[in-house]
1. Among the residues that make up region 30-50, is at least one of them surrounded by 17 or more Cβ atoms within 10 Å (Cβ to Cβ), within 25 Å of Ala146 (Cα to Cα) and in contact with a helix residue (DSSP H, G or I) (Cβ under 7 Å, 6 or more places away or on another chain)?
2. Which residue, of Asp222, Asp234, Asp270, is of a type in the set (D, E, K, R), open to solvent by less than 50 Å² (accessible area, probe 1.4 Å) and without any contact (Cβ under 8 Å) to a residue 12 or more places away in the chain?
3. Only residues in region 248-262 that are touching a residue at least 24 places away in the same chain (Cβ under 8 Å) count as the first member; pair them with residues that are open to solvent by 20 Å² or more (accessible area, probe 1.4 Å) and outside any helix (DSSP H, G or I), Cβ under 7 angstrom, at least 6 apart or cross-chain, and list the lot.
4. Tell me yes or no: at least one residue of region 65-84 is open to solvent by 10 Å² or more (accessible area, probe 1.4 Å), in contact with a Pro (Cβ under 8 Å, 6 or more places away or on another chain), in a loop (DSSP other than H, G, I, E, B) and in contact (Cβ under 8 Å) with a residue 40 or more places away in the chain.
5. Going through region 234-269 one residue at a time, which ones are part of a strand (DSSP E or B) and not small (Gly, Ala, Ser)?
6. Tell me the residue from Pro227, Pro184 that is modelled with pLDDT of 95 or more, more than 15 Å from the chain's Cα centre (by Cα) and more than 28 Å from Leu96 (Cβ to Cβ), please.
7. If we scan region 146-159, do we find a residue that is part of a loop (DSSP other than H, G, I, E, B), at pLDDT 95 or above and either within 18 Å of Val224 (Cα to Cα) or in contact with a Gly (Cβ under 6 Å, 6 or more places away or on another chain) (or both)?
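The values are calculated or read from the model by the stated rules, or taken from the named source; none is laboratory data. Keep in mind it's a predicted model, so treat the numbers as computed, not measured. Don't worry about glycine lacking a Cβ; one is built from the backbone with ideal geometry, like all the others, and counts go over all protein chains shown. The area values use the complete protein model at the heavy-atom level, side chains included, leaving out ligands, DNA and RNA. Shrake-Rupley method; radii C 1.70, N 1.55, O 1.52, S 1.80 Å.
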Amino acid sequence: MSRQITGATRVAGVAGAPVEHSLSPLIHNAWLEAAGLDGVYVAFSPPPDAFAVFAKGLARGAIRGLNVTVPFKEVALRIATRASESARRAGAVNLLIFEPDGAINADNTDGAGLLAGLAAQAPGFDPKAGPAVILGAGGAARGAAAALIAAGCPRVRLVNRTQARAEAIAAELGPVARVLPHGPEAFAGAALVINATTLGLGGGDGPPALFEATRPDAVVLDMVYRPLRTEFLDRALRAGRRTSDGLAMLIGQAAPSFEALFGAPPPGIDVRALCLKALGEHG
């Protein structure tokens, strides 16, 4: 039986530009249906230059909250009334909760999602094992770096075409973060390599990476999940490295978001299988 929308239905959603590709509505609505909760989760795509006006207009309970994706994660932090430690540390937000009194609470569950994805697909990986290389210098890269540092990673190496952006992140994260040019030094002995760019989204080449210079037991994670097995991950597999896909991270960050938005933990259903079907993938 399909769920009924009532006058008491709790509404939440995801905002991005573009957002049509997002699997978040599929994940959250599957959880809502399985849990029997009176809620609905929808997608919003405000103009890229109008997110602040859009989000502030939802304050005072118009909807319960929003997950926030590219390119709004940093401006979401600026409009927040209150921000969690993880959001402040990451300098970016992927979750806004709108309170009836007008407060906008900001959080970042991307770091938790990254660690959950690694735990699911690279059992035994320990962030303390060695240096991590993060390709990119946007909100996703900063969130990943902050989460890894908080988990005890001894060194985070930031590699980005525009070094000034990476240097700004490193300056705020402290001495564990270091900016390096693309080359052997950046990848030497790395235990983890992360693509935090959008390169490879929809197909095509991911960013260059010297996987052969990393530790033999290194893990390579791609935040892109369309396609599930990206060109970036293909190269890592050919180099004999373990991989973790962006879908595992997406589901990992969605779980704490769901609880914050709908007031209950997600039920134990296999949403990955639903997502794979939607992606036309088999595993």
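1. no
2. Asp234 is the lone residue from the list that is of a type in the set (D, E, K, R), open to solvent by less than 50 Å² (accessible area, probe 1.4 Å) and without any contact (Cβ under 8 Å) to a residue 12 or more places away in the chain.
3. Met249/Met223; Leu250/Tyr225; Ala255/Pro266; Phe258/Pro266; Ala260/Asp107; Leu261/Arg64; Phe262/Arg10; Phe262/Leu37
4. Looking for residues that are open to solvent by 10 Å² or more (accessible area, probe 1.4 Å), in contact with a Pro (Cβ under 8 Å, 6 or more places away or on another chain), in a loop (DSSP other than H, G, I, E, B) and in contact (Cβ under 8 Å) with a residue 40 or more places away in the chain, one finds at least one in region 65-84, hence yes.
5. Within region 234-269, the first condition is being part of a strand (DSSP E or B), and the residues that meet it are 242-244.
Once the filter is applied, which keeps residues that are part of a strand (DSSP E or B) and not small (Gly, Ala, Ser), region 234-269 yields Arg242, Thr243.
6. Values: Pro227 fails: modelled with pLDDT of 95 or more.
Among Pro227, Pro184, only Pro184 is modelled with pLDDT of 95 or more, more than 15 Å from the chain's Cα centre (by Cα) and more than 28 Å from Leu96 (Cβ to Cβ).
7. The answer is no, given that none of the residues of region 146-159 is part of a loop (DSSP other than H, G, I, E, B), at pLDDT 95 or above and either within 18 Å of Val224 (Cα to Cα) or in contact with a Gly (Cβ under 6 Å, 6 or more places away or on another chain) (or both).
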